[in-house]
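**Student:** Dropping the structure in here first, questions after.
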Amino acid sequence: MNRTVHDLSREDGIRAAYTEHGAELYRYALRQLDDEGAARDVVQETFLRAWRAADRYDPSLASLRVWLFAITRNVVIDEARRRSLRPVSPQPLDVLTAIGPSTTADDDRTVTGWLIEEALQRIRPEARSALVETYLRGRPYAEVAAEQGVPVGTLRSRVFYGLKALRLAMDEMGVEL
């Protein structure tokens with residue numbers, strides 16, 4: 001993974017970030033919105049917001065790629081809401097048939113997974129393990145507690161405080177779920 005740090009408050013920093021991540025962000029926006037013009041607008045708005053919030057970007061909290069994807073996801077949501085209030089003219093049925101089933105939900109889950117994975121790395125290992133085993137893998141508390149050698153009440157506390165820490169980490173990353 002590329003860990004290049006760009007000074008996003010400078011034009012050359014934004015330009016370098018765009019060169020490095022712009023195409024990937026565009027493809028994501030295009031898959032979500034199925035509109036080339038809207039996807040270009042989303043990417044433009046993403047980098048405008050990144051430039052405006054450059055002083056709040058902290059590479060120790062999230063990689064530039066993850067931070068830009070979080071911004072893009074929020075802009076896509078804004079654009080989808082805007083479009084639902086002012087729908088575009090319907091496409092002919094044959095065009096819709098040619099496009100095939102949408103992968104919007106899959107793409108959204110993928111980006112959400114990346115963001116959650118990044119946030120999980122920011123919480124205590126005990127809480128992370130408790131959350132992964134109980135929430136993500138769906139294992140019973142008693143089984144996980146026995147495996148970790150702790151009482152069930154301790155595991156429940158780790159899950160509770162782990163969720164609070166995960167929400168805080170995601171807020172710090174600028175993620176709105």
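The values are calculated or read from the model by the stated rules, or taken from the named source; none is laboratory data. Given the structure is predicted, the values throughout are model-derived calculations rather than measurements. Cβ coordinates were reconstructed from backbone atoms using ideal geometry, including for glycine residues, and neighbour counts include every protein chain displayed. Note: areas computed on protein heavy atoms with side chains; ligands, DNA, RNA excluded. Shrake-Rupley method; radii C 1.70, N 1.55, O 1.52, S 1.80 Å.
**Student:** Say each of residue 16 and residue 77 gets a label point 7 Å from the Cα, pointing the same way as Cα to Cβ; how far apart are those two points in nm?
**Tutor:** Going from the residue 16 label point to the residue 77 one covers 3.1 nm.
**Student:** Let me ask something else about it. Go through segment 137-150 residue by residue and turn each phi into a ³J(HN,Hα) via Karplus (6.51, -1.76, 1.60, θ = phi - 60°); whole Hz please, and just put x for glycine and proline.
**Tutor:** For segment 137-150, the Karplus-derived couplings read 9, x, 7, x, 4, 4, 5, 5, 4, 5, 5, 8, x, 10 Hz, x marking Gly and Pro.
**Student:** For segment 63-76, in order, what is each residue's ³J(HN,Hα) by Karplus, 6.51 cos²θ - 1.76 cosθ + 1.60 with θ = phi - 60°, in whole Hz (x at glycine and Pro)?
**Tutor:** 5, 4, 4, 5, 4, 5, 5, 5, 5, 4, 4, 5, 5, 4
**Student:** Please work out how much length the chain gains when fully extended from residue 172 to residue 44, using 0.36 nm per residue of separation minus the C-alpha to C-alpha distance, in nm with one decimal.
**Tutor:** Values: separation 128, 0.36 × 128 = 46.08 nm, distance 2.30 nm.
Taking residue 172 through residue 44 to full extension adds about 43.8 nm, to one decimal.
**Student:** When only DSSP loop residues count, what GluC sites (Glu not before Pro) in segment 118-177 have their Cβ near at most 14 other Cβ atoms within 10 Å? Intermediate values should be presented prior to the final figure.
**Tutor:** Working: sites: 118, 126, 133, 143, 147, 172, 176; in loops: 176.
When the GluC sites (Glu not before Pro) of segment 118-177 are filtered for loop state and at most 14 Cβ neighbours within 10 Å, 176 remain.
**Student:** So, in nm, how far is label residue 137 from label residue 35 when the simple model puts each one 7 Å beyond its Cα toward the Cβ?
**Tutor:** 4.4 nm
**Student:** Further, regarding this structure: FRET efficiency for residue 152 and residue 110, Cβ-Cβ distance as r, R0 = 41 Å, nearest 0.05?
**Tutor:** On the way: r = 33 Å, r/R0 = 0.82.
So the FRET efficiency works out to roughly 0.75.
**Student:** Let me ask you something else. Using a simple spin-label model with points 7 Å from Cα along the Cα→Cβ vector, what separation in nm is obtained for residue 160 and residue 27?
**Tutor:** 4.4 nm
**Student:** Ignoring ligands, DNA and RNA, what percent of the 1.4 Å accessible area of segment 7-49 is carbon and sulfur? Write out the running numbers ahead of the final one.
**Tutor:** Numbers: 1080 of 2380 Å².
The computed percentage sits at 46.
**Student:** Return one whole number: the accessible area per residue of segment 110-153 in Å², for a 1.4 Å probe. The partial results should precede the final answer.
**Tutor:** Numbers: 2470 Å² over 44 residues.
Per residue, segment 110-153 has 56 Å² of solvent-accessible surface.
**Student:** From the backbone phi of segment 21-26, what are the Karplus-calculated ³J(HN,Hα) couplings (6.51 cos²θ - 1.76 cosθ + 1.60, θ = phi - 60°) in whole Hz, Gly and Pro given as x?
**Tutor:** Once θ is set to phi - 60°, the couplings for segment 21-26 become 10, x, 5, 5, 5, 4 Hz.
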